[in-house]
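Asks: Take a look at the following structure, please.
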Amino acid sequence: MKTYGGFLMSQIGRVNARVWERLLKTCGVDAFNGAQGRILYVLWEHEKLTITDIARLTSMANTTLTSMLDRMEAEGLVTRTHDKVNRRQIFVSVTQKAKGYQEKYEEISNRMNAIFYQGFSESEIVNFDNQLRRILANLAQAESI
């Protein structure tokens, strides 16, 4: 059986990123890009995380993440602090400036979800999300081999 799942997911990812960037611009958000928005999203959800935790939650490589965090810190969106007990451990937190974008980000996210799931029933959305979680778990397991 010929399948197209991986190819389609790659296409969806690229188109999704372009639409997301356009929505950010349309809504006047120019302080961060889509990838940086993913970092902010997980920080808004958890307040303070290690770089390793952010990498795990965003599926970004540590090297990519480090350079993004450098730019975000220079823009005043995040701060990095050393753990008082383990000085090698670094925590990343959002600043007040970044917190000011959270409501707009959620609005854009809702608009994106409306585009993404247009024409889907609620049960189709739940089923689709569950299937994607299964695929992600399969890939995570394969990655650890």
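Asks: Among the residues that make up the range 73-86, is at least one of them assigned to a helix (DSSP H, G or I), of a type outside the set (A, V, I, L, M, F, W, C) and open to solvent by 80 Å² or more (accessible area, probe 1.4 Å)? Spell out the reasoning first.
Replies: Within the range 73-86, the subset assigned to a helix (DSSP H, G or I) is 73-74.
Restricting the remaining residues to those that are of a type outside the set (A, V, I, L, M, F, W, C) gives 73.
Keeping just the survivors that are open to solvent by 80 Å² or more (accessible area, probe 1.4 Å) gives none.
Among the residues of the range 73-86, not one is assigned to a helix (DSSP H, G or I), of a type outside the set (A, V, I, L, M, F, W, C) and open to solvent by 80 Å² or more (accessible area, probe 1.4 Å), which makes the answer no.
Asks: Restricting to the range 45-59, and then to whatever is touching a residue at least 40 places away in the same chain (Cβ under 8 Å) and crowded, with 16+ Cβ neighbours inside 10 Å, can you tell me which residue is nearest to S93 (Cα to Cα)?
Replies: To start, the set of residues in the range 45-59 that are touching a residue at least 40 places away in the same chain (Cβ under 8 Å) comprises 47-51.
Those left that are additionally crowded, with 16+ Cβ neighbours inside 10 Å: 49, 51.
On the way: L49: 7, I51: 10 Å.
Among those residues, the one meeting the criterion is L49.
Asks: Is it the case, given these coordinates, that G28 is surrounded by fewer than 11 Cβ atoms within 10 Å (Cβ to Cβ), at positive phi and part of a loop (DSSP other than H, G, I, E, B)? Give the steps one after another, and end with the answer.
Replies: Details: surrounded by fewer than 11 Cβ atoms within 10 Å (Cβ to Cβ): yes; at positive phi: yes; part of a loop (DSSP other than H, G, I, E, B): yes.
Answer is yes for this residue.
Asks: Which count do you get for residues in the range 87-102 that are surrounded by 12 or more Cβ atoms within 10 Å (Cβ to Cβ), more than 16 Å from the chain's Cα centre (by Cα) and assigned to a helix (DSSP H, G or I)?
Replies: Here the count works out to 1.
Asks: Filter the range 103-145 for residues that are open to solvent by less than 100 Å² (accessible area, probe 1.4 Å), aliphatic (A, V, I, L, M) and within 17 Å of T58 (Cα to Cα) and give the result.
Replies: Within the range 103-145, L132, I135, A137, A140 qualify.
The values are calculated or read from the model by the stated rules, or taken from the named source; none is laboratory data. None of these values were measured; they are calculated from a predicted model. Cβ: placed from backbone, ideal geometry, glycine included. Neighbour counts: every protein chain shown. Each accessible area value is taken on the protein alone, full model and side chains, heavy atoms only, with ligands, DNA and RNA left out. Shrake-Rupley method; radii C 1.70, N 1.55, O 1.52, S 1.80 Å.
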